[in-house]
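S.K.: The structure that follows is given in the form of C-alpha coordinates.
The values are calculated or read from the model by the stated rules, or taken from the named source; none is laboratory data. This is a predicted model, so every value here is computed, not measured. Counting neighbours? That spans all protein chains shown, and the Cβs are built from the backbone with ideal geometry, glycine included. Quick note on the areas: whole protein, heavy atoms, side chains included, nothing else; ligands and nucleic acids left out. Shrake-Rupley method; radii C 1.70, N 1.55, O 1.52, S 1.80 Å.
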Amino acid sequence: MTFESAGTYDNVYLFLADASGYSSIVSGNPRNLAAHAFDRLQKTVAARVSLLADEHGCARAALWSWRGDGGIFAIHDERESTALTVALEAARAVLTEDLPQLREELAGTGLRGVLHLRMAVHKGPIHVSAVEDTGAIHSPDINFVAHLEEVTPRDCLSISEDVYQVSGHLSQLFEPVGTHEGKKVYVMMSDGRAGDGKRAWLRTAGLNDRLPIHAYAQRPSQREKARLVDVAVSEVVDFGSALNTCAGYLVTTERPAVYRDAVLDFLRRGGVYRCVLLNPESDATALFSALRQEDLDTKIKTSVASFRLFKEKHSAYTDGLHVYQVDYFPGMAALCTDLDDDGFILYSPYFFNTRPGKGHIERGDMPHYLVTSDSGELYADISRVIHEATAPDRLTRIL
(Lines give C-alpha, C1' and ligand atoms only; values in the text may rest on other atoms or scores of the structure.)
Protein backbone atom coordinates (compact mmCIF):
# COMPACT_ATOMS: atom_id res chain seq x y z
CA MET A 1 0.00 0.00 0.00
CA THR A 2 2.54 2.56 -1.18
CA PHE A 3 2.91 5.17 -3.88
CA GLU A 4 4.78 2.81 -6.16
CA SER A 5 5.67 5.23 -8.94
CA ALA A 6 6.56 8.86 -9.37
CA GLY A 7 3.89 11.13 -10.80
CA THR A 8 0.79 13.07 -9.87
CA TYR A 9 -1.99 11.49 -7.83
CA ASP A 10 -5.39 13.19 -7.68
CA ASN A 11 -7.72 13.28 -4.66
CA VAL A 12 -5.15 12.10 -2.14
CA TYR A 13 -6.52 12.26 1.40
CA LEU A 14 -3.99 13.76 3.78
CA PHE A 15 -4.51 12.75 7.40
CA LEU A 16 -2.36 14.54 9.97
CA ALA A 17 -2.21 13.61 13.65
CA ASP A 18 -0.14 15.56 16.13
CA ALA A 19 0.28 15.40 19.89
CA SER A 20 -0.82 18.52 21.77
CA GLY A 21 1.31 19.32 24.81
CA TYR A 22 4.35 17.43 23.53
CA SER A 23 6.83 19.60 25.41
CA SER A 24 5.12 19.15 28.77
CA ILE A 25 5.25 15.36 28.46
CA VAL A 26 8.90 15.47 27.41
CA SER A 27 9.90 17.81 30.25
CA GLY A 28 7.79 16.06 32.89
CA ASN A 29 8.92 12.48 32.31
CA PRO A 30 12.09 10.40 32.01
CA ARG A 31 13.28 10.29 28.43
CA ASN A 32 12.49 6.62 27.98
CA LEU A 33 8.86 7.03 29.12
CA ALA A 34 8.29 10.04 26.88
CA ALA A 35 9.88 8.24 23.91
CA HIS A 36 7.73 5.16 24.58
CA ALA A 37 4.58 7.31 24.66
CA PHE A 38 5.17 8.83 21.25
CA ASP A 39 6.37 5.55 19.79
CA ARG A 40 3.10 3.95 20.91
CA LEU A 41 1.18 6.88 19.43
CA GLN A 42 2.82 6.38 16.05
CA LYS A 43 2.18 2.64 16.08
CA THR A 44 -1.43 3.10 17.19
CA VAL A 45 -2.34 5.59 14.47
CA ALA A 46 -0.44 3.65 11.78
CA ALA A 47 -2.11 0.40 12.82
CA ARG A 48 -5.57 1.97 12.61
CA VAL A 49 -4.91 3.38 9.13
CA SER A 50 -3.47 0.05 7.94
CA LEU A 51 -6.40 -1.93 9.38
CA LEU A 52 -9.02 0.18 7.63
CA ALA A 53 -7.05 0.28 4.39
CA ASP A 54 -6.98 -3.52 4.39
CA GLU A 55 -10.69 -3.76 5.20
CA HIS A 56 -11.69 -1.46 2.35
CA GLY A 57 -9.09 -2.62 -0.16
CA CYS A 58 -7.48 0.83 -0.38
CA ALA A 59 -4.63 0.86 -2.90
CA ARG A 60 -2.34 3.25 -1.06
CA ALA A 61 -2.17 4.26 2.60
CA ALA A 62 1.33 5.35 3.45
CA LEU A 63 2.84 7.02 6.48
CA TRP A 64 4.52 9.84 4.61
CA SER A 65 6.50 11.21 7.54
CA TRP A 66 6.57 11.06 11.32
CA ARG A 67 8.62 13.45 13.39
CA GLY A 68 8.60 12.78 17.11
CA ASP A 69 5.10 13.75 18.15
CA GLY A 70 3.10 13.45 14.97
CA GLY A 71 2.95 12.61 11.32
CA ILE A 72 1.07 12.68 8.07
CA PHE A 73 -0.55 9.82 6.16
CA ALA A 74 -1.29 9.93 2.44
CA ILE A 75 -4.31 7.80 1.46
CA HIS A 76 -5.33 7.21 -2.14
CA ASP A 77 -7.41 4.90 -4.26
CA GLU A 78 -8.80 5.12 -7.80
CA ARG A 79 -12.20 4.98 -6.11
CA GLU A 80 -12.12 8.23 -4.17
CA SER A 81 -14.88 7.07 -1.83
CA THR A 82 -12.55 4.33 -0.57
CA ALA A 83 -9.78 6.75 0.34
CA LEU A 84 -12.34 9.07 1.92
CA THR A 85 -13.78 6.29 4.09
CA VAL A 86 -10.36 5.10 5.23
CA ALA A 87 -9.17 8.61 6.13
CA LEU A 88 -12.28 9.70 8.03
CA GLU A 89 -12.98 6.38 9.73
CA ALA A 90 -9.33 6.09 10.78
CA ALA A 91 -9.31 9.60 12.23
CA ARG A 92 -12.64 9.08 13.99
CA ALA A 93 -11.52 5.77 15.47
CA VAL A 94 -8.21 7.16 16.67
CA LEU A 95 -10.00 10.02 18.42
CA THR A 96 -12.90 8.12 19.98
CA GLU A 97 -11.47 4.61 20.54
CA ASP A 98 -7.69 4.43 20.32
CA LEU A 99 -6.79 7.60 22.20
CA PRO A 100 -8.71 6.71 25.40
CA GLN A 101 -7.19 3.21 25.39
CA LEU A 102 -3.71 4.60 24.77
CA ARG A 103 -4.07 7.05 27.65
CA GLU A 104 -5.04 4.21 29.98
CA GLU A 105 -2.10 2.13 28.80
CA LEU A 106 0.39 4.98 29.25
CA ALA A 107 -0.94 5.83 32.70
CA GLY A 108 -0.01 2.27 33.69
CA THR A 109 3.62 2.96 32.75
CA GLY A 110 3.79 5.88 35.18
CA LEU A 111 3.70 8.56 32.47
CA ARG A 112 2.95 11.98 33.94
CA GLY A 113 0.55 14.19 32.01
CA VAL A 114 -2.27 13.41 29.61
CA LEU A 115 -1.73 12.73 25.92
CA HIS A 116 -3.89 14.94 23.70
CA LEU A 117 -4.24 14.95 19.92
CA ARG A 118 -5.04 17.44 17.19
CA MET A 119 -6.02 15.92 13.85
CA ALA A 120 -6.93 17.24 10.43
CA VAL A 121 -7.98 15.76 7.09
CA HIS A 122 -7.78 17.51 3.74
CA LYS A 123 -7.57 16.29 0.15
CA GLY A 124 -5.89 17.37 -3.03
CA PRO A 125 -3.44 16.33 -5.75
CA ILE A 126 0.15 15.52 -4.83
CA HIS A 127 3.19 15.11 -7.01
CA VAL A 128 5.68 12.39 -6.12
CA SER A 129 9.10 13.11 -7.58
CA ALA A 130 11.04 10.21 -6.04
CA VAL A 131 9.47 7.16 -4.45
CA GLU A 132 12.58 6.47 -2.40
CA ASP A 133 12.49 9.94 -0.84
CA THR A 134 9.26 10.51 1.08
CA GLY A 135 10.27 14.12 1.57
CA ALA A 136 10.03 14.70 -2.19
CA ILE A 137 6.29 15.27 -2.20
CA HIS A 138 5.00 18.51 -3.64
CA SER A 139 1.57 19.93 -2.90
CA PRO A 140 0.21 23.16 -1.41
CA ASP A 141 -2.46 20.96 0.14
CA ILE A 142 0.14 19.47 2.48
CA ASN A 143 0.90 22.96 3.75
CA PHE A 144 -2.79 23.63 4.22
CA VAL A 145 -3.50 20.48 6.24
CA ALA A 146 -0.45 21.21 8.41
CA HIS A 147 -1.74 24.74 9.08
CA LEU A 148 -5.24 23.42 9.71
CA GLU A 149 -3.94 20.96 12.28
CA GLU A 150 -2.09 23.74 14.08
CA VAL A 151 -5.33 25.68 14.74
CA THR A 152 -7.43 22.60 15.50
CA PRO A 153 -8.50 22.42 19.17
CA ARG A 154 -6.95 19.56 21.09
CA ASP A 155 -8.81 16.25 21.05
CA CYS A 156 -10.66 17.35 17.93
CA LEU A 157 -10.67 16.40 14.26
CA SER A 158 -10.94 19.14 11.64
CA ILE A 159 -11.75 18.62 7.98
CA SER A 160 -11.70 21.08 5.11
CA GLU A 161 -14.70 21.96 3.00
CA ASP A 162 -13.15 19.89 0.18
CA VAL A 163 -13.54 16.79 2.35
CA TYR A 164 -16.87 17.76 3.90
CA GLN A 165 -18.55 18.27 0.52
CA VAL A 166 -17.98 14.61 -0.45
CA SER A 167 -18.22 13.02 3.00
CA GLY A 168 -21.79 11.74 2.56
CA HIS A 169 -23.31 10.22 5.71
CA LEU A 170 -20.10 10.91 7.62
CA SER A 171 -20.81 14.63 7.38
CA GLN A 172 -23.23 14.30 10.30
CA LEU A 173 -20.21 13.80 12.58
CA PHE A 174 -19.00 17.35 11.90
CA GLU A 175 -20.25 20.88 12.43
CA PRO A 176 -19.19 24.09 10.66
CA VAL A 177 -16.97 26.26 12.84
CA GLY A 178 -15.45 28.97 10.63
CA THR A 179 -12.83 29.38 7.95
CA HIS A 180 -9.08 28.96 7.69
CA GLU A 181 -6.94 30.30 4.86
CA GLY A 182 -10.05 30.89 2.79
CA LYS A 183 -11.60 27.44 3.25
CA LYS A 184 -14.56 26.49 5.40
CA VAL A 185 -13.67 24.20 8.28
CA TYR A 186 -15.73 21.51 10.03
CA VAL A 187 -14.89 20.00 13.41
CA MET A 188 -15.69 16.80 15.27
CA MET A 189 -15.05 16.40 19.00
CA SER A 190 -14.68 13.06 20.68
CA ASP A 191 -17.88 13.46 22.72
CA GLY A 192 -19.86 14.52 19.65
CA ARG A 193 -22.06 17.01 21.54
CA ALA A 194 -23.60 19.69 19.36
CA GLY A 195 -21.97 23.07 19.69
CA ASP A 196 -18.84 21.85 21.45
CA GLY A 197 -16.82 21.92 18.26
CA LYS A 198 -17.81 25.52 17.59
CA ARG A 199 -16.90 26.57 21.10
CA ALA A 200 -13.57 24.75 20.98
CA TRP A 201 -12.71 26.29 17.59
CA LEU A 202 -13.48 29.81 18.82
CA ARG A 203 -11.24 29.30 21.85
CA THR A 204 -8.37 28.15 19.67
CA ALA A 205 -8.72 29.91 16.32
CA GLY A 206 -10.81 32.94 17.27
CA LEU A 207 -13.08 34.72 14.83
CA ASN A 208 -12.55 34.78 11.08
CA ASP A 209 -10.16 37.28 9.50
CA ARG A 210 -8.05 37.56 12.62
CA LEU A 211 -4.80 39.50 12.63
CA PRO A 212 -1.42 38.44 13.99
CA ILE A 213 -1.04 40.32 17.28
CA HIS A 214 0.41 39.41 20.66
CA ALA A 215 -1.78 39.92 23.72
CA TYR A 216 -0.73 40.18 27.35
CA ALA A 217 -2.98 40.13 30.40
CA GLN A 218 -1.03 42.96 32.01
CA ARG A 219 1.88 45.31 31.41
CA PRO A 220 5.01 43.38 30.33
CA SER A 221 7.95 43.56 32.70
CA GLN A 222 10.70 46.15 32.31
CA ARG A 223 12.96 43.41 31.02
CA GLU A 224 10.47 42.59 28.26
CA LYS A 225 9.90 46.25 27.40
CA ALA A 226 13.67 46.74 27.25
CA ARG A 227 13.75 44.21 24.41
CA LEU A 228 11.72 46.66 22.31
CA VAL A 229 14.17 49.46 23.01
CA ASP A 230 17.06 47.14 22.16
CA VAL A 231 15.76 46.62 18.61
CA ALA A 232 14.89 50.28 17.97
CA VAL A 233 16.93 51.81 15.16
CA SER A 234 16.35 55.56 15.30
CA GLU A 235 13.31 56.56 17.37
CA VAL A 236 11.26 55.49 20.36
CA VAL A 237 7.97 57.19 21.23
CA ASP A 238 6.69 56.60 24.75
CA PHE A 239 3.16 57.98 25.02
CA GLY A 240 0.90 57.95 28.05
CA SER A 241 -0.97 59.95 30.66
CA ALA A 242 1.82 60.39 33.22
CA LEU A 243 4.57 57.93 32.14
CA ASN A 244 5.04 57.16 35.82
CA THR A 245 6.38 53.67 35.11
CA CYS A 246 8.92 54.77 32.51
CA ALA A 247 10.19 57.61 34.69
CA GLY A 248 10.53 55.23 37.61
CA TYR A 249 12.55 52.78 35.54
CA LEU A 250 14.99 55.55 34.56
CA VAL A 251 15.79 56.70 38.11
CA THR A 252 15.41 53.45 40.03
CA THR A 253 18.03 52.54 42.61
CA GLU A 254 17.24 48.85 42.22
CA ARG A 255 19.56 46.56 40.31
CA PRO A 256 19.66 45.45 37.65
CA ALA A 257 18.25 48.61 36.06
CA VAL A 258 17.42 46.77 32.86
CA TYR A 259 15.22 49.36 31.19
CA ARG A 260 17.48 52.30 32.03
CA ASP A 261 20.48 50.43 30.62
CA ALA A 262 18.55 49.74 27.39
CA VAL A 263 17.54 53.41 27.05
CA LEU A 264 21.09 54.65 27.71
CA ASP A 265 22.48 52.22 25.15
CA PHE A 266 19.89 53.39 22.60
CA LEU A 267 20.78 57.05 23.25
CA ARG A 268 24.48 56.28 22.90
CA ARG A 269 23.71 54.80 19.49
CA GLY A 270 22.29 58.14 18.43
CA GLY A 271 18.62 57.30 18.90
CA VAL A 272 15.93 59.77 19.91
CA TYR A 273 13.63 58.79 22.78
CA ARG A 274 10.47 60.94 22.85
CA CYS A 275 8.41 60.92 26.04
CA VAL A 276 4.91 62.41 25.63
CA LEU A 277 2.69 62.88 28.69
CA LEU A 278 -0.36 64.96 29.50
CA ASN A 279 -0.28 68.62 30.35
CA PRO A 280 -1.40 68.67 34.00
CA GLU A 281 -3.48 71.82 33.32
CA SER A 282 -5.36 70.38 30.32
CA ASP A 283 -9.04 69.46 30.18
CA ALA A 284 -8.04 65.90 29.22
CA THR A 285 -6.08 65.56 32.46
CA ALA A 286 -8.97 66.85 34.54
CA LEU A 287 -11.44 64.52 32.84
CA PHE A 288 -9.21 61.46 33.11
CA SER A 289 -8.43 62.24 36.76
CA ALA A 290 -12.16 62.41 37.51
CA LEU A 291 -12.97 59.19 35.66
CA ARG A 292 -10.19 57.26 37.35
CA GLN A 293 -10.25 59.21 40.63
CA GLU A 294 -6.47 59.60 40.41
CA ASP A 295 -4.25 62.54 41.25
CA LEU A 296 -2.73 62.81 37.77
CA ASP A 297 -1.40 66.31 38.39
CA THR A 298 0.98 65.03 41.08
CA LYS A 299 1.94 61.96 39.06
CA ILE A 300 2.83 64.04 36.02
CA LYS A 301 4.93 66.48 38.02
CA THR A 302 6.74 63.60 39.72
CA SER A 303 7.49 61.98 36.36
CA VAL A 304 8.83 65.24 34.91
CA ALA A 305 11.12 65.64 37.92
CA SER A 306 12.40 62.09 37.39
CA PHE A 307 13.05 62.70 33.68
CA ARG A 308 14.96 65.86 34.60
CA LEU A 309 17.05 63.95 37.15
CA PHE A 310 17.83 61.25 34.60
CA LYS A 311 18.93 63.81 32.00
CA GLU A 312 21.15 65.61 34.49
CA LYS A 313 22.73 62.45 35.87
CA HIS A 314 23.55 61.06 32.42
CA SER A 315 24.00 64.36 30.61
CA ALA A 316 26.77 63.01 28.36
CA TYR A 317 24.25 60.77 26.59
CA THR A 318 20.77 62.24 27.11
CA ASP A 319 20.54 64.97 24.46
CA GLY A 320 18.36 62.50 22.57
CA LEU A 321 15.80 62.26 25.40
CA HIS A 322 12.96 64.69 24.63
CA VAL A 323 10.05 65.20 27.03
CA TYR A 324 6.82 66.79 25.81
CA GLN A 325 3.42 67.64 27.23
CA VAL A 326 0.21 67.46 25.22
CA ASP A 327 -3.42 68.52 25.75
CA TYR A 328 -4.87 65.78 23.54
CA PHE A 329 -5.27 62.21 24.85
CA PRO A 330 -6.66 59.32 22.72
CA GLY A 331 -7.33 57.02 25.69
CA MET A 332 -4.34 54.72 25.36
CA ALA A 333 -0.69 54.33 26.29
CA ALA A 334 1.88 53.16 23.77
CA LEU A 335 5.57 52.36 23.50
CA CYS A 336 6.55 52.57 19.84
CA THR A 337 9.77 51.95 17.95
CA ASP A 338 10.50 53.26 14.45
CA LEU A 339 6.83 53.86 13.66
CA ASP A 340 7.40 54.62 9.98
CA ASP A 341 9.97 51.93 9.35
CA ASP A 342 8.55 48.46 10.08
CA GLY A 343 8.55 49.02 13.82
CA PHE A 344 6.71 47.77 16.89
CA ILE A 345 3.83 49.20 18.91
CA LEU A 346 3.09 47.99 22.42
CA TYR A 347 -0.19 49.67 23.34
CA SER A 348 -2.85 49.48 26.02
CA PRO A 349 -6.34 51.03 25.87
CA TYR A 350 -7.39 52.73 29.10
CA PHE A 351 -10.37 51.54 31.12
CA PHE A 352 -11.97 54.83 32.12
CA ASN A 353 -14.87 53.54 34.19
CA THR A 354 -12.88 51.64 36.81
CA ARG A 355 -12.79 53.50 40.11
CA PRO A 356 -11.04 52.71 43.39
CA GLY A 357 -12.83 49.97 45.23
CA LYS A 358 -14.37 46.74 44.03
CA GLY A 359 -13.62 46.11 40.37
CA HIS A 360 -10.82 48.67 40.17
CA ILE A 361 -8.09 47.76 37.69
CA GLU A 362 -4.69 49.36 37.99
CA ARG A 363 -3.01 50.68 34.86
CA GLY A 364 -0.41 47.94 34.93
CA ASP A 365 -3.13 45.30 35.08
CA MET A 366 -4.89 46.46 31.93
CA PRO A 367 -4.36 44.28 28.83
CA HIS A 368 -1.49 45.16 26.50
CA TYR A 369 -1.07 44.33 22.81
CA LEU A 370 2.02 44.16 20.62
CA VAL A 371 1.39 44.85 16.94
CA THR A 372 3.75 44.96 13.99
CA SER A 373 3.47 45.63 10.28
CA ASP A 374 2.39 41.98 10.00
CA SER A 375 -0.80 43.07 11.78
CA GLY A 376 -1.88 44.90 8.64
CA GLU A 377 -4.55 47.56 9.04
CA LEU A 378 -4.40 47.38 12.83
CA TYR A 379 -0.78 48.55 12.83
CA ALA A 380 -1.65 51.30 10.36
CA ASP A 381 -4.64 52.45 12.43
CA ILE A 382 -2.77 52.54 15.75
CA SER A 383 0.16 54.26 14.08
CA ARG A 384 -2.16 56.98 12.77
CA VAL A 385 -3.57 57.51 16.26
CA ILE A 386 -0.07 57.90 17.71
CA HIS A 387 1.00 60.26 14.94
CA GLU A 388 -2.09 62.41 15.51
CA ALA A 389 -1.59 62.50 19.28
CA THR A 390 2.09 63.46 18.91
CA ALA A 391 1.82 65.87 15.98
CA PRO A 392 4.33 68.73 16.35
CA ASP A 393 1.60 71.38 16.62
CA ARG A 394 0.10 69.56 19.61
CA LEU A 395 3.34 69.17 21.56
CA THR A 396 5.08 71.48 24.01
CA ARG A 397 8.63 70.42 24.76
CA ILE A 398 9.54 70.85 28.41
CA LEU A 399 12.84 68.97 28.59
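S.K.: Among SER221, SER160, SER383, which one shows the biggest mean-square fluctuation in a GNM of the chain, springs joining Cα atoms closer than 10 Å?
M.R.: SER221
S.K.: Looking only at Cα atoms, what is the convex hull volume of the chain per residue, in Å³?
M.R.: Working: hull volume 79.2 nm³, N = 399.
Normalising the Cα hull of the chain by residue number yields 199 Å³.
S.K.: Give me the Kirkwood hydrodynamic radius of the range 312-399 in Å, from all C-alpha pairs, to one decimal place? Write out the running numbers ahead of the final one.
M.R.: Details: mean 1/r = 0.0660 Å⁻¹.
Across the range 312-399, the inverse of the average 1/r is 15.2 Å.
S.K.: With a sphere of radius 11 Å drawn around the Cβ of SER375, what net charge do the other residues whose Cβ falls strictly inside it have (Lys, Arg +1; Asp, Glu -1)?
M.R.: Details: positive: ARG210; negative: ASP374, GLU377, ASP381.
So the surrounding residues net to -2.
S.K.: Which whole-number value in Å³ per residue fits the convex hull of the alpha carbons of the range 288-346?
M.R.: Working: hull volume 7.0 nm³, N = 59.
Cα-based convex hull of the range 288-346, divided per residue, equals 119 Å³.
S.K.: Short version: what are the Cα gyration tensor semi-axes of the range 232-320, square root of 5 times each eigenvalue, largest first, in whole Å? Could the numbers behind the result be given before it?
M.R.: Working: eigenvalues 134, 39, 24 Å².
In descending order, the three semi-axes are 26, 14, 11 Å.
S.K.: Hey, another quick one. When the expected Rg is taken as 2.2 N^0.38 Å, what fraction or multiple of it is the alpha-carbon Rg of the range 7-205? Don't jump to the answer; show the numbers that get you there.
M.R.: Working: Rg = 16.2 Å, N = 199, 2.2 N^0.38 = 16.4 Å.
Its radius of gyration relative to the 2.2 N^0.38 Å reference: 0.99.
S.K.: Report, in order of residue number, the helices in the chain meeting two criteria: a C-alpha extent of 24 Å or more along the helix axis, and a mean Kyte-Doolittle hydropathy of at least 1.0; treat each whole DSSP H run as one helix. Intermediate values should be presented prior to the final figure.
M.R.: Details: long enough: 31-56 (38 Å, -0.22); 296-313 (25 Å, -0.36).
Within the chain not a single helix satisfies the rule.
S.K.: On to the next question. Please state the equivalent ellipsoid semi-axes for the range 55-155: what are the square roots of 5 times the Cα gyration tensor eigenvalues, largest first, in whole Å? Walk me through the numbers before you get to the answer.
M.R.: Working: eigenvalues 141, 55, 36 Å².
For the range 55-155, the semi-axes come out at 27, 17, 13 Å.
S.K.: Compute a Gaussian network model of the chain, connecting alpha carbons closer than 10 Å, and tell me which residue from GLU254, GLU235, GLU78 fluctuates the most.
M.R.: GLU254
S.K.: Would you mind calculating the gained length between THR252 and ARG210 on full extension (0.36 nm times residue separation, minus the Cα-Cα distance), in nm to one decimal?
M.R.: Details: separation 42, 0.36 × 42 = 15.12 nm, distance 3.94 nm.
Extra length from THR252 to ARG210 when fully extended: 11.2 nm.
S.K.: Which value results when the Cα radius of gyration for the range 64-107 is divided by 2.2 N^0.38 Å? Present the calculation step by step, with values, prior to reporting the outcome.
M.R.: Details: Rg = 13.0 Å, N = 44, 2.2 N^0.38 = 9.3 Å.
Normalised by 2.2 N^0.38 Å, the Cα Rg of the range 64-107 equals 1.40.
S.K.: Quick check for you: which residues of the range 267-291 have the amide N under 13 Å from the point 7 Å beyond the Cα of GLU312 toward its beta carbon?
M.R.: The answer is none.
S.K.: Sticking with this structure for a sec: Report the calculated FRET efficiency for HIS36 and ASP297 (r = Cβ-Cβ distance, R0 = 56 Å), to the nearest 0.05.
M.R.: On the way: r = 65 Å, r/R0 = 1.17.
Efficiency at R0 = 56 Å is approximately 0.30.
S.K.: Ranked from highest to lowest mean number of other Cβ atoms within 10 Å per residue, what is the order of the peptides 173-185, 88-100?
M.R.: Values: 173-185: 16.9, 88-100: 19.8.
Ranking, from highest mean packing down: 88-100, 173-185.
S.K.: Turning to a different aspect of this structure: Roughly how many percent of the accessible protein surface of the range 7-205 is carbon and sulfur, given a 1.4 Å probe and a whole-percent answer? Spell out each step's value before the answer.
M.R.: Details: 4310 of 8890 Å².
Result for the range 7-205: 48 percent of the exposed heavy-atom area is carbon or sulfur.
S.K.: Right, another one. Can you work out the accessible area per residue across the chain, with the rest of the protein chains kept in place, probe 1.4 Å, in square angstrom? Kindly include the intermediate steps, with their values, before the conclusion.
M.R.: Working: 19160 Å² over 399 residues.
Per-residue accessible area for the chain comes out at 48 Å².
S.K.: Find how many whole Å separate the alpha carbon centroid of the range 67-87 from the alpha carbon centroid of the range 222-238.
M.R.: Cα centroid of the range 222-238 versus Cα centroid of the range 67-87: 48 Å apart.
S.K.: Also, I was wondering about something else. Over the range 183-296, what number does the Rg to Rh ratio reach, with both radii from the alpha-carbon atoms and Rh per Kirkwood? Write down the numbers at each step before the final one.
M.R.: On the way: Rg = 21.7 Å, Rh = 18.4 Å.
So for the range 183-296, dividing Rg by the Kirkwood Rh gives 1.18.
S.K.: What shape does the range 214-397 have by the C-alpha gyration tensor, where a ≥ b ≥ c are the square roots of the eigenvalues, rounded means a/c under 1.5, and otherwise prolate means a/b greater than b/c and oblate the rest? Kindly include the intermediate steps, with their values, before the conclusion.
M.R.: Values: a/c = 1.37, a/b = 1.16, b/c = 1.18.
Verdict is rounded for the range 214-397.
S.K.: What does the charge count around ASP162 come to, taking other residues whose C-beta lies under 10 Å from its C-beta (Lys +1, Arg +1, Asp -1, Glu -1)?
M.R.: Details: positive: LYS123, LYS183, LYS184; negative: ASP141, GLU161.
Net of charged neighbours comes to +1.
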